[in-house]
Amino acid sequence: MSDSYTRATFDEVMVPNYNPSEILPERGEGSRVWDQNGNEYVDFAGGIAVSILGHNHPGMVKALKDQADKIWHLSNVFTNKPALELADKLTEATFADKVFFANSGGEANEAAFKLARRYAHDNFGPEKSEILSFSKSFHGRTLFTVCVGGQPKYTEGFEPLPGGILHTEYNNIEAFKELISDKTCAVVMEPIQGEGGIIPADPEFVKQVRELCDKHNALLVFDEVQTGFGRTGDLYAYMGMGVTPDILTTAKSMGGGFPIGAMLTTTKIAASLVPGTHGSTYGGNPLGCAVSLAVLDAINTPEMMTAVKEKSAKIQSGLEAIGEKYGVFSGVRGKGMLLGAVLSDEWKGKARKFLEAGWANGVMCLVAGADVVRFAPAATITEADIEEGLARFDKAISELVS
Ligand SMILES: *Cc1c(COP(=O)(O)O)cnc(C)c1O
């Protein structure tokens, strides 16, 4: 019965907003995945930078099963122990004092942007409402979050759009100075632009943005949906940058594959979300929080963060070697388990071809735009899987260029 479902079924019964592969992954173990035909892949994708502990991680599976036997759902009329413990540990581990739980990155950002508006309204008046963001940024797919995102193709045709959102060039402090003012309520940035092409923020730029935010009483919001939860070799990327945000959003790796997101902030700022101002039916549900606790316990150790940095260096040098051998990359950038191989001029616009060549050779990677091949393996990936994945990717590229 299940064999009668194939990629073709997708076109019959699904809204055509995605164009998925013919491959139907059915099972995963660590950094290996098996499809409907028994083909096996090394997973350098981790969903889209989600599966930070790989597939079928024993700690996560146990946490989910244990909680499944206790209670699944309560609503926000009640709080629950996994949510309280997770919020306690997150505030212990970060700059934040308070946590709001959501189910995804987009929802965490929606909460962050609403809070920034509300906080400015409460403390400075309705004139202070502008949100400053950066071109090429990505913050989610709700109408508010696509508008804060800096990719016009995602808002086209969805007008009328929410207003009061301005964009400027990432890593360009002069352009930023022109735009920020006392009307700015928040500046939103990814420490490394993920969907935009794995573009790291220049540390000096971030430092100056922080100073200008302070000068204009604007909140600095870090969207760490993709960079957070150990992905870059720190629990959050801000920790490796010497700059602290006022609001931070986190999702993707946070649940290791179970949908959960969160917004973290300080007591002073959180005070603007009084009862009734915002909410979510499933946000902070015990299943998601129990799984995320297992992820946090496994990820947030010095040994794991050191391992991420070491494995990252290995993958980066492997990719650089492949790039030189075949002349396909102009460089490899990013941090930790979030790397982008930038296509050389000759291959620009063809990132999807690299993905497909990888699939045909048993390795899964991602694109970040049309000019960058993205790698987001698990922090738990073994040395053997790194070597095997790189060897398969090498073979894929040799076929692609021949
Ligand atoms: C993926 C992503 C989002 C959106 O997260 P969803 O869980 O898909 O809503 C937001 N911001 C960044 C930086 C992301 O990478």
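The values are calculated or read from the model by the stated rules, or taken from the named source; none is laboratory data. Just so you know, these numbers come straight off a predicted model, no measurement behind them. As a convention, Cβ positions derive from the backbone with ideal geometry for all residues, glycine included, and neighbour counts pool all protein chains shown.
Key figures for this structure:
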| read-out | value |
| --- | --- |
| Residues (in contact (Cβ under 8 Å) with a residue 60 or more places away in the chain and over 17 Å from GLY47 (Cα atoms)) located in region 344-371 | ASP371 |
| Subset tally (residues that are assigned to a loop (DSSP other than H, G, I, E, B), within 16 Å of the ligand (Cβ to nearest atom) and in contact (Cβ under 8 Å) with a residue 24 or more places away in the chain) for region 141-170 | 5 |
| Test: residue in region 251-262 that is assigned to a loop (DSSP other than H, G, I, E, B), crowded, with 23+ Cβ neighbours inside 10 Å, at pLDDT 95 or above and among the small types (Gly, Ala, Ser) | yes |
| Elements of type helices (runs of 4 or more DSSP H) in region 29-121, at least 1 residues being more than 16 Å from the ligand (Cβ to nearest atom) and over 24 Å from the mean Cα position of the chain (by Cα) | 58-68, 81-93 |
| Selection status of ALA341, in contact (Cβ under 8 Å) with a residue 24 or more places away in the chain and not assigned by TED's automatic domain parsing to the domain that holds ARG392 | no |
| Pick from region 384-402, criterion farther than 14 Å from PHE44 by Cβ and in contact (Cβ under 8 Å) with a residue 40 or more places away in the chain, ranking: surrounded by the most Cβ atoms within 10 Å (Cβ to Cβ) | LEU400 |
| Residue check, PHE138 outside any helix (DSSP H, G or I) and either free of Cβ contacts under 8 Å to residues at least 24 places away in the same chain or more than 16 Å from the ligand (Cβ to nearest atom) (or both) | no |
| Members of region 200-231 found to be in a loop (DSSP other than H, G, I, E, B) and not hydroxyl-bearing (Ser, Thr, Tyr), listed by number | ALA201, ASP202, HIS216, ASN217, ALA218, GLU224, VAL225, GLN226, GLY228, PHE229, GLY230, ARG231 |
